[in-house]
1. For a test of the definition: using alpha carbon positions, the gyration tensor, and the 1.5 limit on a/c, classify segment 8-140 as rounded, prolate or oblate.
2. In nm, give the distance between the simple-model label positions of R124 and T88, each being 7 Å from the Cα along the Cα-to-Cβ direction.
3. Residue-wise, which Karplus ³J(HN,Hα) couplings in Hz belong to segment 45-57, taking 6.51 cos²θ - 1.76 cosθ + 1.60, θ = phi - 60°, and x for glycine or proline?
4. Among the GluC sites (Glu not before Pro) in segment 38-142, which ones are in a DSSP loop with at most 12 other Cβ atoms within 10 Å of the Cβ? Mind listing them?
5. Please list, in order along segment 114-127, the HN-Hα scalar couplings obtained from phi with the Karplus expression 6.51 cos²θ - 1.76 cosθ + 1.60 (θ = phi - 60°), rounded to whole Hz, x for Gly and Pro.
6. Taking H placed 1.01 Å from N in the peptide plane, check which residues at least 5 places from R102 or on another chain put their amide H under 5 Å from its amide H.
7. Calculate one ³J(HN,Hα) per residue across segment 13-30 by plugging θ = phi - 60° into the Karplus curve 6.51 cos²θ - 1.76 cosθ + 1.60, and present them in order as whole Hz with x for glycine and proline.
8. Which whole-number percent gives the relative contact order of the chain, counting Cα pairs below 8 Å spaced six or more residues apart?
Amino acid sequence: METMAKQAVTVQHTIKAPVERVWKAWTSPADITKWCQASEDWHAPHAENDLRVGGKFSTTMAAKDGSASFDFGGVYDRIVDKRIIEYTLGDGRKVQITFEDRGSETGITEIFEAEGIHPIDFQRDGWQAILDNFKKHVEQLS
């Protein structure tokens, strides 16, 4: 059997909001459905999140015209409240998200193992677009 090392890809943002608000928006299914899409023609009509080690999460990502949809999900491996979330996706890839408390701002860094189907740049751009939507969502909250 041939084994290939998975390439780690990083996306980042600084959110103009305290870490408590950022963490809640990242982990609350009601919030996830408002920001978890890479483009305006997609949406996330459903999200579930059992935020604990061994807990599962799933977000349905769907084209608004009904032409395509998929579930993005996995199982949590490590959680450090308001600091770190690590999980394994359904296909075995690993993801780590860190939240850096900077007072009135929060730094978010996501490191994910790329899949072998799409080009790395395409994957990075997609994850970054979702993170851009997250930033916009959180900064619009009162």
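None of the figures in this text is laboratory data; all of them are computed from the coordinates on show. A quick note: this is a predicted structure, and the numbers were derived from the prediction, not measured. Note: ideal-geometry Cβ built from the backbone for every residue, glycine included; neighbour counts use all protein chains shown.
1. Verdict is rounded for segment 8-140.
2. For the pair R124/T88, the computed spacing is 2.7 nm.
3. Per-residue couplings from phi come out as x, 8, 9, 10, 8, 9, 6, 7, 4, x, x, 10, 9 Hz.
4. E40
5. 5, 8, x, 9, 9, x, 4, 4, 4, 5, 4, 4, x, 5
6. V19, G107
7. 7, 10, 9, 7, 6, x, 4, 4, 5, 4, 4, 4, 5, 6, 10, 7, x, 4
8. Rounded, it is 31 percent for the chain.
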